[in-house]
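Just so you know, all these numbers are worked out from the coordinates, no wet-lab data involved. Just so you know, these numbers come straight off a predicted model, no measurement behind them. Backbone-built Cβ (ideal geometry, glycine too); neighbour counts: all protein chains shown.
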Amino acid sequence: MLSLPNEDAEKYQRLGVGSVTALSLIAPSSFEDRRLSTQLLMNTVCVIDATVEHLLRTPKTLKITFFAHNLDQTIVGIIFHPKPYMLHQFPLGQRGFFSGKAVLNLGVWEIIHPLKITSVGSLVPMYKSPLRVDVMRRLIEKSVTVASLIADGLPEKIAEKLYSIHFPLFPKPLGEEELYALKFGELFDYMRRLSLKRRYHATRYRPFRNVESWMESLPFVLTDDQKKAIGEIRQDLAGEYASRRMIVGDVGSGKTMVILASVVLMRPYRSILMAPTTILAAQLYEEAQKFLPDLRIALVTNATKKGPLEGYDFIIGTHALLHRDLPEAGLVMVDEQHRFGTAQRHSLSKLTDNATSPHYLQFSATPIPRTQAMIDSAHIDVSLIVQTPFTKTIATRLIGKSDFPSLLEHIRSEISLRHQVLIVYPLVEQSETIDYQSIDEARGYWEKNFENVYVTHGKDKEKGAVLMEFRERGDILLATTVVEVGISLPRLSTVVIVGAERLGLSTLHQLRGRVSRTGLQGYCYLYTNKSDKNERLESFSTCTSGFEIAALDLKFRSSGDLLEGSIQSGKKFRWADIAEDESIVAEVKKWLDNNHSALTPHPEQGRLP
């Protein structure tokens, strides 16, 4: 990265930019044309090289007669309500450059409010910024050159196009090439700053266990995406520096098997996994016992007894792990990482009694668009698991009040097949501001008309036990979005989401992902009282892939901010649109990957990405 001159540091700070590239992205809002005019056009600013021949002062105007040498004709300048000092700006017989709007009045060309200018021959950019326009202009002229932009790491063609935006040969609106350069420059600067936040820590944990024989012993075949993610993790674990990788998979994509494969790869070193709920931790514990029978596995929750953990190869737990003395581990993993705060995730790796940094893997069932994954990869390695072990068949439909009788018929039919139904309500208690029933208002109807109805929500201290009992005995579960991530319900075939238009698409997809976990025909009903056509929900109902839905969500909601964390949704980029500009993101990533000189890592980082 090109270092900034110290004398301009304050100006860069006021503008909120940290590089020449970022400065070049502040495009001119308009241009003042100071080239000498070759003709006069009505209501157009003209520039003349003229001599003052005559002055006439009236109570309301000052009239100046100019002879314009560049146009070879006489022009009258008109200033309305002139101030006394203005008389001194037009000494008789003086020649200079003047600018003003030309109008034709009764066959005579006039310039309204002529201004004396010091130089001519160029287009003068005008900027909207915290700096005075002349200060901003001088900063741009001094800093933004093709050479400085190339030195800052940009490709030559992008540097030339960004320069031309500030210093064009003739005024014109921003075209496709200019917009491409602005988007490329903005994404380049953003991803570079992300990469400079990245830290590399040496590690002595370099396992040597082969995972192939374990994979062959499984009673099923892993998907290509699962195998690819495992291969990337194996490459990370063999490296000189501690791995920092995020594995993103859709609901039901088989992230659990990637977690277990990582544990196998990490041997002979210990692995630790933190899950967001007791239910999820218990499920992972059951899976680990089933597929890792040779390992000593511990489950740590608030309900388990506190005892020494040194004798275990794999420790699975909830946030209760943060309050335990954890033994040395070579691999730390966090499942559903977005459910924990940054401080919680960091404190887990610090709690282990390690001489060097452990490897760190974080897993997420909230798919992200490919563009977001490419941008994230500047800060942390990313693996995407798009494939699922089996194809889910879930029919998604928007319904309203008139559809309630047919919904009841469907629910009775599914229960008769020993299938289960989940009904998600937006609230636990009644609200005057939301036009939907709460769980408390609705439960009486369901309990009166159906048997084996269970109820839980986020504030329910017994929700874990309720969900476990419902899994074995229940027909209908009334809940809030607490079930978005949680227990596996093999018999669940139907989910009804009340007030669906109030939820984000990723949450809707997570809820829909609760059904058809074992290949059942699934049904998702999006219940809304709104009679207006809802493009967002209709688009959702035709998509099944979480990654497609994430891109759709991005289109409707726009992206958040990875650097400051100040914006969770809403547009952060001025020029780029990561919902539409995947190809440009890919070009920037390719350029950054191939041109390490565009990056200046901190010496403590140890190596370039």
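Points to keep in mind about this one:
- Whole-Hz Karplus values for the stretch 305-315 come out as 5, 7, x, x, 10, 5, x, 9, 8, 9, 10 Hz, taken residue by residue from phi with 6.51 cos²θ - 1.76 cosθ + 1.60 and θ = phi - 60°; glycine and proline positions read x.
- In degrees, nearest ten, helix 546-557 long axis to first principal axis of the chain (Cα): 40 degrees
- Per-residue 3J(HN,Hα) values for the stretch 360-366, derived from phi via the Karplus relation 6.51 cos²θ - 1.76 cosθ + 1.60 with θ = phi - 60°, read 9, 10, 10, 10, 9, 9, 9 Hz in sequence order (x marks Gly and Pro).
- Taking the C-alpha atoms of the stretch 116-160, convex hull volume expressed per residue in Å³: 109 Å³
- Here the stretch 237-308 is treated as a Stokes sphere of Kirkwood radius computed over C-alpha pairs; at 37 °C and 0.692 mPa s its diffusion coefficient rounds to 237 µm²/s.
- Between the amide H of Val334 and those of Met274, Leu361, Gln362, Phe363, distances stay under 5 Å, these residues lying 5 or more places away or on another chain, with hydrogens modeled in the peptide plane.
- For the chain, the equivalent ellipsoid derived from the Cα gyration tensor has semi-axes of 63, 33, 19 Å, listed largest first.
- Across Lys128/Lys590; Lys161/Lys183; Lys392/Lys533; Lys255/Lys290, pairs whose alpha-carbon gap is larger than 23 Å: Lys128/Lys590; Lys392/Lys533
- Degrees separating the helix 278-291 axis from the principal Cα axis of the chain, which is the longest one: 60 degrees
- In this structure the amide hydrogen of Thr145, modeled in the peptide plane, comes within under 5 Å of no amide hydrogen from residues 5 or more places off or on another chain.
- Ranked list, fewest to most other Cβ atoms within 10 Å of each Cβ, for Arg204, Arg267, Arg536: Arg204, Arg536, Arg267
- With an a/c value of 1.5 or above and a/b not larger than b/c for the gyration tensor axes a ≥ b ≥ c computed over the alpha-carbon atoms, the stretch 192-232 is described as oblate.
- Amide proton proximity set for His54, modelled H, under 5 Å, gap of 5+: Thr65
- Against the chain, whose longest principal axis is taken from its Cα atoms, helix 224-237 shows a tilt of about 80°.
- Cβ crowding within 10 Å averaged over residues, with 438-446, 495-503 ranked highest first: 495-503, 438-446
- Candidate cross-link partners of Lys116 among the lysines, defined by an alpha-carbon separation under 19 Å and a same-chain spacing of 8 or more, comprise Lys63, Lys83, Lys101.
- Over all distinct Cα-Cα pairs of the stretch 40-84, the Kirkwood formula returns a hydrodynamic radius of 11.4 Å.
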